[in-house]
Amino acid sequence: MVSESPADWHIRLMRAEDIIPIAVIEGEVFGDPWAKDVFESELANPSAVYLCAVGRGGEIWGYIGSWIVAGELHITNIAVRKSEQHRGVGKHLLQLLENRARTEGCSVAYLEVRRGNLSAQKFYQKRGYTVVHARPNYYVNPTEDALVLKKILSGVEDGHHPGG
C-alpha cells in the first residue's frame with residue numbers, strides 16, 4: 001500500500017525495521033511515549049493497521065496506528081516528527097487510514113485526545129471529528145482527561161458513501 005503524497009514523501013505500511021525511528025518520534029512528540037515492545041506487539045496484532053510516512057531518503061517522518069474491529073476504526077496513535085509538521089503528513093496519514101477502514105467495512109472512527117491538546121482537537125475537528133465524551137484521568141505524565149472523538153465514515157456526513 002502506497003499513497004499519493006507530495007513528491008518528497010510517501011505512505012506505506014509500517015514494518016518491524018520502522019520501530020526504532022518511530023520510538024524516536026514518540027519520544028520527541030509525547031510526554032509518555034510507547035515503548036518499542038508495544039509497537040512489536042501491535043505489528044503482530046491482526047486487527048492493527050499501522051502506516052508510516054517516509055521521506056525520499058527513507059527516513060520516517062510520521063506514523064498512524066489503529067485497530068479495525070467490529071466495523072469500527074479505533075485510532076491509537078498519530079505522530080509526526082517536529083521538523084516535518086505542518087506539511088500535510090498527519091492529514092494524509094489520517095485520510096489514507098480512514099479510506100482503508102471504509103474499504104474494510106468500518107462506518108465509524110474513534111480516538112482519544114488530551115483535553116489540553118487544543119491543536120490536536122482543532123486538527124481532528126477540521127476533519128469531521130466531534131467530541132462524544134470524556135475519560136477522566138486517562139493520560140499520565142501528566143495526568144489528564146481524554147476527550148473521545150468520533151467521526152462517521154460512511155454516509156453523506158463526510159461526502160463518502162459506503163464502499164466508496
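Bear in mind that the values in this text are calculations on the coordinates, not laboratory data. Computed from a predicted structure; not experimentally measured. With ideal geometry, Cβ positions are generated from the backbone for all residues, glycine too; neighbour counts draw on all protein chains shown.
In table form, for the structure just shown:
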| quantity | calculated |
| --- | --- |
| Hits among lysines - C-alpha to C-alpha of LYS150 under 19 Å, sequence gap 8 or more where chains match | LYS91, LYS122, LYS126 |
| Structure-based [θ]222 nm, the chain - -39500 (n - 2.57) summed over DSSP H runs of at least 4, per residue, nearest 500 | -8000 deg cm²/dmol |
| Spin-label model distance (nm) - ARG12 vs LEU118, 7 Å beyond Cα toward Cβ | 4.0 nm |
| Computed over region 1-93: relative contact order in percent, which uses C-alpha pairs under 8 Å that are six or more apart | 26 percent |
| Percent antiparallel among DSSP beta bridges (both partners in the chain, rounded to 5) | 90 percent |
| Percent RCO, i.e. relative contact order, over the chain, from Cα pairs under 8 Å lying at least 6 residues apart | 17 percent |
